[in-house]
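The values are calculated or read from the model by the stated rules, or taken from the named source; none is laboratory data. Predicted, not measured: the structure shown is a model, and the values here were computed from it. Here the Cβ is made from the backbone with ideal geometry for all residues, glycine too, and neighbour counts use every protein chain on show.
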Amino acid sequence: MILVIDVGNTNMTFGVYDGDEMKASFRMMSKTAHTSDEYGVLITQLLETNNVKKEDIEGTIIASVVPAVMHSLTSAMVKYLDTKPLVVGPGIKTGIKVITEDPRAIGADRIVDAVGAYEKYGGPILVIDFGTATTYDYVTEKGEFAAGITAPGIRISSEALWTRTAKLPEIEIKKPKSILAQETITSMQAGLMFGQIGATEYIIEKVKEETGVKDMKVVATGGLGRIISDETDKIDVYDAALTLDGLKLIYDKNRK
């Protein structure tokens, strides 16, 4: 079995693959610092809770946008799972050629999403990840990572509302029944949700316009991606497992 780990700004997401089938997935917060022993114990316990024996883990791969956790996390893999993790970064085989001005500046998570989307759905494709930030990445028909757009995520925008204003409360992120809100909470929800839907649709159309690829497939992923995907016909597919599948695909490309 293979353990894949996506380290995001808010959460770490884990997936366990037996061949090409995902057998289990689980999460923990990435903002909380842990020692290698703490990571080792937590991950081992989460594996056992999901009916996976640590002895069955044959290999691991990590994509991270949080450098501060990597030393402890990789050390935990070596000490507790007896595997030296493959880390997504420069020099690793992905099957995706990055043709932006500064390829090394592209985050590992975006490369992984691009790999997952291109391998599963083909190109040209626009990959949208609704995470801490909302990212839009264009992959050409030839599998080239050609461009990327980065915007504030829904949660960042919502936190800015209630932390930077004196009277606005913390709210649940969901779409209200109508954009014509008549009280504070639904007015905030309307602004956040309809604003995100509108921004998403505009960016998709603008990417198609400037690339000239009108029939480009659009796939979304990320924790809040399903909420947006359900509200627009501009997104063709919502794939919750896209990043984890991308990690498994990269692991297979680099397996000796």
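Across the stretch 152-178, what is the number of residues that are β-branched (Val, Ile, Thr), over 15 Å from Gly225 (Cα atoms) and surrounded by 14 or more Cβ atoms within 10 Å (Cβ to Cβ)?
1
For the stretch 2-28, enumerate the residues that are among the charged types (D, E, K, R), in contact (Cβ under 8 Å) with a residue 24 or more places away in the chain and over 15 Å from Thr132 (Cα atoms).
Of everything in the stretch 2-28, those that are among the charged types (D, E, K, R), in contact (Cβ under 8 Å) with a residue 24 or more places away in the chain and over 15 Å from Thr132 (Cα atoms) turn out to be Asp20, Lys23.
If I go through the stretch 200-225 residue by residue, how many of them are crowded, with 16+ Cβ neighbours inside 10 Å and either part of a helix (DSSP H, G or I) or not hydrophobic (A, V, I, L, M, F, W, C) (or both)?
Selection size over the stretch 200-225: 11.
Yes/no matrix, rows are residues, columns are (1) in contact with a Leu (Cβ under 9 Å, 6 or more places away or on another chain); (2) in contact (Cβ under 8 Å) with a residue 40 or more places away in the chain; (3) within 30 Å of Phe145 (Cα to Cα):
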site	(1), (2), (3)
Thr60	yes, yes, yes
Pro67	no, no, yes
Val78	no, no, no
Asp82	no, no, no
Ile92	yes, yes, yes
Ile96	no, yes, yes
Asp102	no, no, yes
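Whether any residue in the stretch 195-204 is over 19 Å from the mean Cα position of the chain (by Cα) and under 18 Å from Gly123 (Cα atoms) is what I want to check.
Looking for residues that are over 19 Å from the mean Cα position of the chain (by Cα) and under 18 Å from Gly123 (Cα atoms), one finds none in the stretch 195-204, hence no.
Anything in the stretch 39-68 that is more than 20 Å from Asp245 (Cβ to Cβ), surrounded by fewer than 21 Cβ atoms within 10 Å (Cβ to Cβ) and touching a helix residue (DSSP H, G or I) at 6+ places or on another chain (Cβ under 8 Å)? List them, or say none.
Val41, Thr44, Glu48, Lys53, Lys54
All but one of (1) part of a helix (DSSP H, G or I); (2) within 21 Å of Ala108 (Cα to Cα); (3) not charged (D, E, K, R) hold for Gly191; state the number of the condition that does not hold.
It fails just one condition, (2).
Every residue, every condition in (1) free of Cβ contacts under 8 Å to residues at least 24 places away in the same chain; (2) aliphatic (A, V, I, L, M); (3) under 16 Å from Val139 (Cα atoms), yes or no:
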site	(1), (2), (3)
Ile203	no, yes, yes
Val207	no, yes, yes
Val213	no, yes, yes
Val218	no, yes, yes
Lys234	no, no, no
Ala241	no, yes, no
Lys248	no, no, no
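What are the pairs with Cβ atoms under 7 angstrom where one residue, in the stretch 156-181, is not assigned by TED's automatic domain parsing to the domain that holds Gly225 and the other, located anywhere, is in a loop (DSSP other than H, G, I, E, B)? Sequence gap at least six, or different chains.
none
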